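Nothing in this text is a laboratory measurement; each read-out follows from the coordinates by a stated rule. No experiment lies behind these values; they were computed from the predicted model shown. Note: ideal-geometry Cβ built from the backbone for every residue, glycine included; neighbour counts use all protein chains shown.
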Amino acid sequence: MKKVVYIFAVSILLYGCPPKLNDQAEYVPVTATIDLVNVTDDKVAVEIDPGRFSEESTTFYIPKTVPGTYSTDNYGQYIENFKALDYDGNALQVTKLDENSWQIDNARQLDKITYKVNDTYDTETEKKEPVFSPAGMNIDAGKNFVLNLHGFVGYFEKLNTHSYKLIINSPKDLKGSTTLTRSQSLVNETFDTDIYVANRYFEIIDNPILYASPDIASFKINDIEVTLSVYSPNKVYTAESIKGDMEKMMRAQKAYLGDINSTKKYNILLYLSTLEQTDAQGFGALEHHTSTTVVLPEAMPRANLVQAMVDVVSHEFFHIVTPLTVHSEEIHNFNYNNPKMSEHLWMYEGVTEYFANIFQIKQELIDDNDFYQRIMSKINGAKAYDDHMSFTEMSKNILKDPYKDNYANVYEKGALIGMCIDLIMLEQSNGERGILDLMKDLSQKYGKDKPFEDEKIIDQIVSLTYPEVGEFFEKHVIGNTPIPYDDFLNKVGLAFETKEVESGYFLNGQDPFINVNQGNGDIFFRAEVPLNSFLVKLGVKGNDIIRSINGMNYKLDNIRDMVGTSFAWNPGDEINMVLIRDGEEITLKGNITKPMVSVSSIVPVEGASAASLKLRNAWMKR
Ligand SMILES: [Zn+2]
């Protein structure tokens, strides 16, 4: 065991003396220190030492947005107690320019800044547009820290391309899991210190760290070392218990991708939420070059959790192809505080999501019907969004209204755009080339350090493929004509089949027509699924909040009674439903009718042509 002096004391000693020439900001790394040991009021203390400035004034930024989230999150709103200190420890004048930036006038006098960071997980239910949990911060003293570092560490004007040194002091029983380069680990009397290094600010935020009681498993896929770190608060899951499923999935993924990526290490950081009011509510994951942060509910049954991990982690890993390798200048020179968006979310998210589905059928992780159901659910899912909105225009303006509410369509229609391009390419090449080949070509032409020009890439793609691909882009991606999915399915001998089937009054099998506002317990009708015939006839609309039914008030705490009571309803009975619509109370009266829903599915066409069967094989089989 080796003891060292408390790291804060060292820095005080160092800068107690007059500044030396070689500590100028141009020559020294920005040093950030995060204290996970002395946590007070659920806040973590951070200190940033940029070295000595020669400019009169400087501005410090915490990101407004980060790559991959496509939303304005203003991480600066979680910063408190911001102080700029001179070399004698006196506070300097600071002007807060906006939610995410602080101007320091006497920059030459500036020794360091200090501030406290709040977490995002415990206030998600209070915010209208909360930070997506996999991009958020969690501070649970002594137990767990989710360090999405863009929420903890900022950057000084002009210094975001400088190297960083990140010092993290942590309780002895917590270990950090990350792909950030660790240069040193120090063992002290009462806490541990990890020292990480990064070549530029981007590397800091591209490598989140999970500090928790270690639960880690690793495996190798060819030459990629994969590490899985799990935080399961009630120890429901362990890294070891899901390692096998992850290994099988990633092996299939690598087999599908071939030699397209060159990552040597990959970390999966899995945070499982208790679903309590003060815990994470945003489930899914965020991609990084060599890792992903995944957030899921701990209460998920094993089979569902594993399938969710397969879908989510494969999606994140496919992001290595795009946007992490193939991306535009907007993404490459990402401006965290004044972001310019790219037109090509159909590629970054859509093609990625398509890959996460097509590889599962091609590598036989799922069967044909399962695959058809997935396509069907994307076609249905896309109906909740504006089908007449140009996808490139939406993408370019994704941070603004009315585009931002259509963001989630990148996972539905975006994936279907990927499917259509795949089918056109396969058809034109006689089954020889598909969208994976296109992405391989693009990743050779461009790359991690060679972005494409946003407005030129579609022409490039057309020149690498077929005029039919260009027509598709013109009409359905740049243009606003809805995609005729049946025409595309027809190419491979598939068709839609629709049946009317009976549903429950509030549930359609596993899929409810209602949802609950976790914040206030209100029950409301979902807008993103078609309601059953009974609800439609009665006049119910998506987003209507239920006040009472037949005189009985309902909220989350008696939702079971509401659903239970409906089992005894009979067609013809009278019903009286009081709802809140757009803030106004309305009463719907009528009779109960048999609830029916139309169920569409994708089915193979009897007697499909040999050519279409051949194309289907080229599309879905190895
Ligand atoms: Zn994604």
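Okay, here's what the table says:
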read-out: Relative contact order (%) - criterion: Cα under 8 Å, at least six apart; region: segment 564-605; value: 35
read-out: Label point distance in nm, THR181-GLN460, each placed 7 Å from Cα along Cα→Cβ; value: 2.8
read-out: Under 22 Å from the Cα of LYS614 - lysines, other chains or at least 8 residues apart; value: LYS362, LYS491
read-out: 25 °C / 0.890 mPa s Stokes-Einstein diffusion coefficient of the chain, Kirkwood radius on C-alpha pairs, µm²/s; value: 92
read-out: Rounded D (µm²/s) - segment 95-201, Kirkwood Rh over Cα pairs, Stokes-Einstein at 37 °C, 0.692 mPa s; value: 203
read-out: 222 nm mean residue ellipticity, helices alone, for the chain (DSSP H n ≥ 4; -39,500 (n - 2.57); rounded to 500); value: -7500 deg cm²/dmol
read-out: Segment ASP386-THR481, extension gain: residue separation times 0.36 nm, minus the distance between their alpha carbons; value: 33.1 nm
read-out: Within the chain: Cβ-based charge dipole about Cα centre, in debye rounded to nearest 20 (Lys, Arg +1; Asp, Glu -1); value: 1120
read-out: Signed unit charges on C-beta, dipole axis of the chain, positive-most listed residue ALA384, LEU97, ASN490; value: ASN490
read-out: Order of MET439, MET376, MET394 - criterion: other Cβ atoms within 10 Å of each residue's Cβ, fewest first; value: MET376, MET439, MET394
read-out: Size-normalised alpha-carbon gyration radius of segment 463-518, reference 2.2 N^0.38 Å; value: 1.85
read-out: Peptides 536-542, 212-218 ordered by average Cβ neighbours within 10 Å, highest first; value: 212-218, 536-542
read-out: Length-normalised contact order of the chain in % [C-alpha pairs under 8 Å, at least 6 apart]; value: 10
read-out: Packing-based ranking, highest mean first, of 453-466, 336-349 given that Cβ atoms within 10 Å are counted; value: 336-349, 453-466
read-out: Volume per residue that the Cα convex hull of segment 211-346 spans, once the total is divided by residue count, Å³; value: 138
read-out: Likely footprinting exposure, THR65, THR565, fewest C-beta neighbours within 10 Å first; value: THR565, THR65
read-out: Ascending count of other beta-carbon atoms within 10 Å, so fewest first, for TRP569, TRP102; value: TRP569, TRP102
read-out: Highest-first arrangement of 86-92, 109-115, where packing means the average Cβ count within 10 Å; value: 109-115, 86-92
read-out: Hits among aspartates and glutamates - C-alpha to C-alpha of LYS43 under 14 Å, sequence gap 8 or more where chains match; value: ASP35, GLU80, ASP119, ASP122, ASP140
